[in-house]
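K.L.:
Please read through the structure below; I'll follow up with questions.
The values are calculated or read from the model by the stated rules, or taken from the named source; none is laboratory data. All values derive from a computational prediction rather than experimental measurement. Ideal geometry is used to build each Cβ from the backbone, glycine not excepted, and the neighbour counts take in all protein chains shown.
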């Protein structure tokens, strides 16, 4: 069973079980949203978007055509995605750039993700970052532009640049 708030405008019928869509969301036809997702208030999802299972999309996020979000991803509030590298009013590209957010990745609030990039599995993007290139799996990035600052395990243990945790234990990937 899914929950769609009465104040949302949901045109897609491709929404998985146990997914919650809160108030003031707009979901266009053909958008695909997996099961056990939480789509918070004021989220916009275009038609050519795929959202996996167990994904959280916090308030104020717009997901444009060409964005693919794999399972277990967290998208923080007001994260901004682009899909056109040379935007012009009333001039549309032949195709929109693809952006892939891989399994388990987390993107902090108010980050900007430039079109055409891949954020690797379980990567962590710090709040307010600007992602201008591909991000490898299990890495931590933040800043403007985002810079590699450390590593993170699939279980969320923060590691330094030498892949050591706070106790000095070295992890291997």
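K.L.:
Tell me, please, whether a residue that is touching a strand residue (DSSP E or B) at 6+ places or on another chain (Cβ under 8 Å) and closer than 21 Å to residue 144 by Cα can be found in the range 19-36.
P.N.:
No, there is no match, as no residue in the range 19-36 is touching a strand residue (DSSP E or B) at 6+ places or on another chain (Cβ under 8 Å) and closer than 21 Å to residue 144 by Cα.
K.L.:
A further question follows. Based on what the data block shows, is residue 127 farther than 28 Å from residue 30 by Cα, assigned to a loop (DSSP other than H, G, I, E, B), free of Cβ contacts under 8 Å to residues at least 40 places away in the same chain and under 15 Å from the mean Cα position of the chain (by Cα)?
P.N.:
So residue 127 does not fit the description; no.
K.L.:
Taking the range 60-80 as the region of interest, how many residues are without any contact (Cβ under 8 Å) to a residue 24 or more places away in the chain and in a loop (DSSP other than H, G, I, E, B)?
P.N.:
Qualifying residue count, the range 60-80: 2.
K.L.:
Restricting attention to the range 147-154, does a residue exist that is within 15 Å of residue 105 (Cβ to Cβ), surrounded by fewer than 14 Cβ atoms within 10 Å (Cβ to Cβ), touching a residue at least 24 places away in the same chain (Cβ under 8 Å) and under 24 Å from the mean Cα position of the chain (by Cα)?
P.N.:
yes
K.L.:
Taking residue 54, is it in contact with a strand residue (DSSP E or B) (Cβ under 6 Å, 6 or more places away or on another chain), without any contact (Cβ under 8 Å) to a residue 40 or more places away in the chain and part of a loop (DSSP other than H, G, I, E, B)?
P.N.:
Spelling it out, it is not the case that residue 54 is in contact with a strand residue (DSSP E or B) (Cβ under 6 Å, 6 or more places away or on another chain), without any contact (Cβ under 8 Å) to a residue 40 or more places away in the chain and part of a loop (DSSP other than H, G, I, E, B).
K.L.:
Another question, then. I'd like to verify a number: residues in the range 1-46 that are in a loop (DSSP other than H, G, I, E, B) and modelled with pLDDT of 95 or more, how many?
P.N.:
So the answer is 28.
K.L.:
Give just the number: which of (1) touching a strand residue (DSSP E or B) at 6+ places or on another chain (Cβ under 7 Å); (2) at pLDDT 95 or above does residue 103 not satisfy?
P.N.:
It fails just one condition, (1).
K.L.:
Right, next: In the range 96-112, what count of residues is obtained for those that are outside any loop (DSSP other than H, G, I, E, B) and either in contact with a helix residue (DSSP H, G or I) (Cβ under 7 Å, 6 or more places away or on another chain) or buried (at least 18 other Cβ atoms within 10 Å of the Cβ) (or both)?
P.N.:
Of the residues in the range 96-112, 5 are outside any loop (DSSP other than H, G, I, E, B) and either in contact with a helix residue (DSSP H, G or I) (Cβ under 7 Å, 6 or more places away or on another chain) or buried (at least 18 other Cβ atoms within 10 Å of the Cβ) (or both).
K.L.:
Kindly indicate whether residue 120 is at pLDDT 95 or above, touching a strand residue (DSSP E or B) at 6+ places or on another chain (Cβ under 7 Å) and farther than 23 Å from residue 161 by Cα.
P.N.:
On the way: at pLDDT 95 or above: yes; touching a strand residue (DSSP E or B) at 6+ places or on another chain (Cβ under 7 Å): yes; farther than 23 Å from residue 161 by Cα: no.
Judged against the criteria, residue 120 is not a match.
K.L.:
Could you list all residues from the range 81-95 that are part of a strand (DSSP E or B) and either farther than 26 Å from residue 139 by Cβ or modelled with pLDDT under 95 (or both)? Give the steps one after another, and end with the answer.
P.N.:
Going through the range 81-95, the residues part of a strand (DSSP E or B) turn out to be 81, 88, 91.
Those that are part of a strand (DSSP E or B) and either farther than 26 Å from residue 139 by Cβ or modelled with pLDDT under 95 (or both): 88, 91.
K.L.:
Being farther than 25 Å from residue 151 by Cα and touching a residue at least 12 places away in the same chain (Cβ under 8 Å) narrows it down to one residue among 110, 83; which is it?
P.N.:
83
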